[in-house]
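No value in this document is a laboratory result; all are computed from the given coordinates. Please read these numbers as outputs of a predicted model, since none were measured by experiment. When we count neighbours, we look across all protein chains shown, and the Cβ atoms used for this are built from the backbone with ideal geometry, even at glycine.
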Amino acid sequence: MADSGETGGPVKKDGIQQAKTEGKELTKEEKQRLRKEKKQQKKSKEKKDEKASQESEKEKKPVSSASPASQPPTQPITPKAPSAVPTLVPVPASETPAPADKPAKSKAEMKAERRARQEAERASKQGKKGEVGQQAAPGKPKAPPSELQPVVKRLPEHVQVDNPEVLKKLAKKLERQQIPLRSDYGYKVSLFSHLHQYSRKAPLTQQLSIPSTVIHPAIVRLGLQYSQGIVAGSNARSVALLHAFKQVIRDYTTPPNEELSRDLVNKLKPYISFLNQCRPLSASMGNAIKYIKKEISNIPSQCKEEEAKSKLLNCIDRYIDEKINLAAKAIAKSSIEKISDGDVILVYGCSSLVNHILCEAFEKNRKFRVIVVDSRPRLEGREALRRLVQRGISCTYVLISAVSYILPEVSKVFLGAHALLANGYVMSRVGTSQIALVAKAFNVPVLVCCETYKFCERVQTDSFVSNELDDPDDLIVTRKGKTQLEHWQEVPSLGLLNLVYDVTPPDFVDLVITDLGMIPCTSVPVVLRVKNVDQ
Amino acid sequence: INKKFFFFFLVEYFRAQMMKDPDMASAVAAIRTLLEFLKRDKGETILGLRESLTWATDCLTGVDSSVAVSSGGELFLRFISLTSLEHQDLSRCKKVMEERGELFLEKISMSRTKVAKLCHTFIKDGAKILTHSYSRVVLRVMEKAAAEKKRFSVYVTESQPDSAGRQMAEALRKLNVPVTVVLDAAVGYVLEKVDLVIVGAEGVVESGGIINKIGTYQMALCSKAHNKPFYVVAESFKFVRLYPLNQQDVPDKFKYKADTLKTVQNLSEEHPMIDYTPPSLITLLFTDLGVLTPSAVSDELIKLYL
């Protein structure tokens, strides 16, 4: 591969000189093209230099952290390496059908050769170490027919925090949208150094000017509510988001010479970036945003503004009604069949859906008792306990460390979900997979309740690749007047890890109850397919 | 008065169908009965028609409480009403429904042959097969394998309380297949000699598990422990919209015979006739929709029912 690169180099130089000698014959377009090519060349050189400096940086880090750090990034990248290699093979083949209409055939050839050399270098670099920041590279090639370029999936920004290039791109994007960039806080455990870790004491809103002309006040409030944990839970967050968007739409006026369908979507983009900076978006929020964007862009251009706005508001109301409220009712109806008299049901944390189901079943006079399992640092189980006891359901409260002690008494486990991934894995609050594992060992059926709007196309097999790191200071607790971890930042070998989500394999889950009915965990892709066909 | 008359008619016709052709699945007999009922129904509206068909299925389940009858009935209803019934005239609609009913019946009478064609290739020459109780589908598979000149021997469990296994042994002897009848308790003992296990099913549930004669779950557990493949052969009309989580979760109306349910007060004294085998113990399911893994059953069910 390196050989073709070197032969490409001198050939290309001759080509340019040739073009220069023919200089007076160059038309304006050709000059522009030349300029573009030179710019691209420069960019690729810079990238190579940056990559080289990154390598040396990585080597300088302590050895123990380096090896686990490079392990997880290689795993998501190695599936991409084979996809890059096939691009190498077809591109040299495309050199031969050079575009016939260009007067200087040498230039097209030279372009193709240079591209081949770039891809060769890129592929060899990938093969050597498994670099992470590949997105910039596929942006360049234009002329080769599109079928030769297999779909190269770009990694989302929020799992590439240790890549300074990606951070630079993000900073530029946020600058353009006039949103402050939130900086990471504290020492990150090396296995999770590719994720953001923010501090709750430094909310993004402190860096905003008041009043902010760029961001709607409802969104600012929502961002603060997210980052401080005032609004928590995937359903609550989605509903709050939709209500805030309704306010935005109500206050929106189309500027002159703009179309509502395009302008409103552009207006929403900085808001979404801002909310993402305050707290990473959940899968349910992502689906809701996709839906809104689709609805907005489907507004016909001849629609009057008032009409369009009221239509959008109705759409949002209907989405909340159908996907969240009615879905909860349907799920409660199906779940009641699975709750029999004398059952002992175990729940973990506070899931609005599971609480709803248990309250409904209690209304229908089913005799059961509940064991609420809770864990630090969020202690969400206390909220669930409060809600259930208020209804009169008899409950027991344990911490997650006691789960293998009480499981022999349990007849069923009901879990909520943050999202259901396309390969059947359940993403939920950290600790859920532990409970599912122990329940499986005791042969207790595990039921997951999840609305279909939380189904997501992503595929994940472990909890490392994409997760959320919460404020590490939450783990600090004061007992008997002593705060042991108060000065954790001063201890160089100490890291605090506060994970938010984990991923449960489908073998541990017996049944998923959705608003479409009861399905096994492995049928999630079928439902996604059916939904896409409907839409 | 009308209902009583129809009730007797249904029961008699169903029993007659079962006696006429003992080889026919009870679900097929039920569907034939439902088709006759449809032809004679004097309902005025389509909704009324659907309701009376559901009532008829319930009556038939009261006579023969197998899972297959209820699933067959529901599928029949779905199949005939899934067309766009846009005709103004109710009698024309009914005619369309009747035609579709006949079509459905034709399709399912071919299903056993399709299953046999798919499954007999998995019986290799010199194989030793273990099967449970009397299943007409498994018999058909073995007939096809014997017709293909394969040499194999069969172990059949006696399958108490009705000793249906002996009936199976008789039928196999007629095919000149060497057969041994073993006790239900001897399944673990005999499994080391066996190459594969094939059983039929009374119902296939949404999770991909099966409902079958009592003793199937034990056999599945033992074959998993011995790492022997456990195959299930079932026609597609046996797919049912149940999702049991464990043995206790299977509804009582399927566990006991229909007369037991009506006469006996305290069901905890009775022996259940069926049990549930979870999908983790099943290797493959052979159906007329193809050879499926247990997780693909849900896919097919979603296609059939949604």
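Summary table
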read-out	value
Failed item, numbered, when residue A:473 is tested on (1) surrounded by 18 or more Cβ atoms within 10 Å (Cβ to Cβ); (2) more than 14 Å from chain B (Cβ to nearest Cβ); (3) within 21 Å of the chain's Cα centre (by Cα)	(3)
The stretch B:289-303 residues that are within 15 Å of residue B:203 (Cβ to Cβ), paired with ones that are hydroxyl-bearing (Ser, Thr, Tyr) (beta carbon under 6 Å, 6 or more apart)	B:298/A:523
The stretch A:296-313, residues that are buried (at least 18 other Cβ atoms within 10 Å of the Cβ) and in a helix (DSSP H, G or I)	A:296, A:308, A:309, A:312
Residue match in the stretch A:432-445 (condition: away from every other protein chain (no Cβ under 14 Å) and assigned to a loop (DSSP other than H, G, I, E, B))	no
Any hit, the stretch A:458-467, residues being assigned to a strand (DSSP E or B) and either of a type outside the set (Val, Ile, Thr) or within 12 Å of another protein chain (Cβ to nearest Cβ) (or both)	no
Of residues in the stretch A:479-509 being aromatic (Phe, Trp, Tyr) and under 27 Å from the mean Cα position of the chain (by Cα), the one nearest to the other protein chains (Cβ to nearest Cβ)	A:508
Selected residue (criterion: surrounded by the most Cβ atoms within 10 Å (Cβ to Cβ)) from residues of the stretch A:223-241 that are aliphatic (A, V, I, L, M) and in a helix (DSSP H, G or I)	A:241
Residue within the stretch A:247-270 that is part of a loop (DSSP other than H, G, I, E, B) and in contact with a strand residue (DSSP E or B) (Cβ under 6 Å, 6 or more places away or on another chain) present	no
Verdict on residue B:65 being under 16 Å from the mean Cα position of the chain (by Cα) and among the hydroxyl-bearing types (Ser, Thr, Tyr)	yes
Positions within the stretch A:314-341 being surrounded by 15 or more Cβ atoms within 10 Å (Cβ to Cβ), part of a helix (DSSP H, G or I) and touching a residue at least 60 places away in the same chain (Cβ under 8 Å), in sequence order	A:316, A:319, A:320, A:323, A:324, A:327, A:328, A:330, A:331, A:334, A:335
Unmet criterion (only one of (1) within 14 Å of chain B (Cβ to nearest Cβ); (2) assigned to a strand (DSSP E or B); (3) under 21 Å from the mean Cα position of the chain (by Cα)) for residue A:512	(3)
Meets criteria (hydrophobic (A, V, I, L, M, F, W, C), facing chain B (nearest Cβ under 10 Å), within 15 Å of residue A:423 (Cβ to Cβ) and within 23 Å of the chain's Cα centre (by Cα)) for residue A:526	yes
Residue satisfying condition, being touching a residue at least 24 places away in the same chain (Cβ under 8 Å) and within 14 Å of chain A (Cβ to nearest Cβ), within set B:208, B:188, B:215, B:203	B:208
Number of the exception - residue A:412 against (1) within 21 Å of residue B:244 (Cβ to Cβ); (2) more than 14 Å from chain B (Cβ to nearest Cβ); (3) among the basic types (Lys, Arg)	(2)
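Okay, residues lined up against (1) surrounded by fewer than 21 Cβ atoms within 10 Å (Cβ to Cβ); (2) of a type in the set (S, T, N, Q):
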position: A:207; (1), (2): yes, yes
position: A:221; (1), (2): yes, no
position: A:243; (1), (2): yes, no
position: A:252; (1), (2): yes, no
position: A:259; (1), (2): yes, no
position: A:266; (1), (2): yes, yes
position: A:274; (1), (2): no, no
position: A:282; (1), (2): no, yes
